[in-house]
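A.B. asks: This structure is in structure tokens; I'll ask about it shortly.
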Amino acid sequence: MSDVTLNAVEDVNVTFEDQQKINKFARSTNRMTELKDEIEAKKKSLQNLEDASDDIMMMDDDALRIPYQIGDVFISHTQDETQEMLEAAKEALKKEIKGLEGQVSSIQDVLADLKVQLYAKFGNNINLEADDS
């Protein structure tokens with residue numbers, strides 16, 4: 001979590017524009033944290049799909065029908081059909097993860113720019129570093 005604090009060591013005038021930048025920094029940091037959590041959840045789902053795909057490849061019985069959940073319903077498919085569905089789901093998740101990582105990168109650029117601006121004005125009177133508690 002980001003800790004945005006102003007120290008009252010020096011008399012620094014905080015303008016409305018400065019407050020807007022501080023607020024934007026805090027919102028962006030929170031959004032980045034949410035996106036990173038979502039990326040981790042999608043990576044876990046991707047790993048689950050890869051594990052399921054590996055398990056299906058090890059099966060010997062080609063005649064076996066495998067239940068595959070679509071929404072609230074399970075539909076039985078052949079091994080090949082299930083494998084194709086798993087591959088499609090994995091590719092979709094990989095694209096979603098890549099998109100989310102792009103959003104995180106964009107937010108990091110915004111945060112870096114805001115840090116430069118805010119530290120230039122407030123120096124040591126502001127703390128924009130992550131709180132590792």
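A.B. asks: Can residue 97 be described as over 17 Å from residue 27 (Cα atoms) and assigned to a strand (DSSP E or B)?
C.D. replies: On the way: over 17 Å from residue 27 (Cα atoms): yes; assigned to a strand (DSSP E or B): no.
Criteria not met by residue 97.
A.B. asks: Of the residues that sit in region 4-39 and are part of a loop (DSSP other than H, G, I, E, B) and not hydrophobic (A, V, I, L, M, F, W, C), which one is modelled with the highest pLDDT? So that I can check it myself, show each step before the final result.
C.D. replies: The first filter runs over region 4-39 and keeps only residues part of a loop (DSSP other than H, G, I, E, B), leaving 4, 7-15.
Cutting the leftovers down to not hydrophobic (A, V, I, L, M, F, W, C) gives us 7, 10-11, 13, 15.
Values: 7: 53, 10: 56, 11: 65, 13: 83, 15: 91.
By that ranking, first place goes to 15.
A.B. asks: Among the candidates 44, 94, 121, 115, which residue alone is free of Cβ contacts under 8 Å to residues at least 40 places away in the same chain, among the basic types (Lys, Arg) and on the phi < 0 side of the Ramachandran plot? Steps first, answer last, please.
C.D. replies: Values: 94 fails: free of Cβ contacts under 8 Å to residues at least 40 places away in the same chain; 121 fails: free of Cβ contacts under 8 Å to residues at least 40 places away in the same chain; 115 fails: free of Cβ contacts under 8 Å to residues at least 40 places away in the same chain.
After ruling out the rest, the residue left standing is 44.
Per-residue answers, yes or no, for (1) modelled with pLDDT of 90 or more; (2) in contact with a Gly (Cβ under 8 Å, 6 or more places away or on another chain); (3) among the small types (Gly, Ala, Ser):
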residue	(1), (2), (3)
46	yes, no, no
52	yes, no, yes
60	no, no, no
91	yes, no, no
99	yes, no, yes
109	yes, no, no
123	no, no, yes
128	no, no, no
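A.B. asks: Something else now. Kindly indicate whether any position in region 57-68 is surrounded by 15 or more Cβ atoms within 10 Å (Cβ to Cβ), among the β-branched types (Val, Ile, Thr) and either more than 19 Å from the chain's Cα centre (by Cα) or within 30 Å of residue 19 (Cβ to Cβ) (or both).
C.D. replies: Start the filter on region 57-68 by keeping residues that are surrounded by 15 or more Cβ atoms within 10 Å (Cβ to Cβ), which leaves 66, 68.
Imposing the further condition that a residue be among the β-branched types (Val, Ile, Thr) reduces the set to 66.
The next check asks that each one be either more than 19 Å from the chain's Cα centre (by Cα) or within 30 Å of residue 19 (Cβ to Cβ) (or both); those that pass are 66.
Yes: one or more hits.
A.B. asks: A further question follows. Residues in region 60-78: is at least one farther than 28 Å from residue 128 by Cβ and assigned to a helix (DSSP H, G or I)?
C.D. replies: Scanning region 60-78 turns up no residue that is farther than 28 Å from residue 128 by Cβ and assigned to a helix (DSSP H, G or I).
A.B. asks: Same structure, new question: Pull up region 74-93, narrow it to residues that are surrounded by fewer than 14 Cβ atoms within 10 Å (Cβ to Cβ) and not hydroxyl-bearing (Ser, Thr, Tyr), then point me to the one that is farthest from residue 28 (Cα to Cα).
C.D. replies: Among those residues, the one meeting the criterion is 80.
A.B. asks: Hey, could you check region 81-125 for residues that are polar (S, T, N, Q) and within 18 Å of the chain's Cα centre (by Cα) and say which is nearest to residue 21 (Cα to Cα)?
C.D. replies: Step one: of region 81-125, the residues polar (S, T, N, Q) are 82-83, 103, 105-106, 108, 117, 124-125.
With within 18 Å of the chain's Cα centre (by Cα) added as a condition, the list becomes 103, 105-106, 108.
Values: 103: 19, 105: 19, 106: 16, 108: 14 Å.
Filtering region 81-125 for residues that are polar (S, T, N, Q) and within 18 Å of the chain's Cα centre (by Cα), the one nearest to residue 21 (Cα to Cα) comes out as 108.
A.B. asks: Hey, another quick one. For the subset of region 23-58 comprising residues that are of a type in the set (A, V, I, L, M, F, W, C) and in contact with a strand residue (DSSP E or B) (Cβ under 8 Å, 6 or more places away or on another chain), which member is nearest to residue 87 (Cα to Cα)?
C.D. replies: Residues of region 23-58 of a type in the set (A, V, I, L, M, F, W, C): 25-26, 32, 35, 39, 41, 46, 49, 52, 56-58.
Adding the requirement that they be in contact with a strand residue (DSSP E or B) (Cβ under 8 Å, 6 or more places away or on another chain) leaves 25-26, 56.
Values: 25: 39, 26: 38, 56: 12 Å.
In this case the residue turns out to be 56.
The values are calculated or read from the model by the stated rules, or taken from the named source; none is laboratory data. Keep in mind that what you see is a predicted model, and the values were worked out from it rather than measured. Cβ coordinates were reconstructed from backbone atoms using ideal geometry, including for glycine residues, and neighbour counts include every protein chain displayed.
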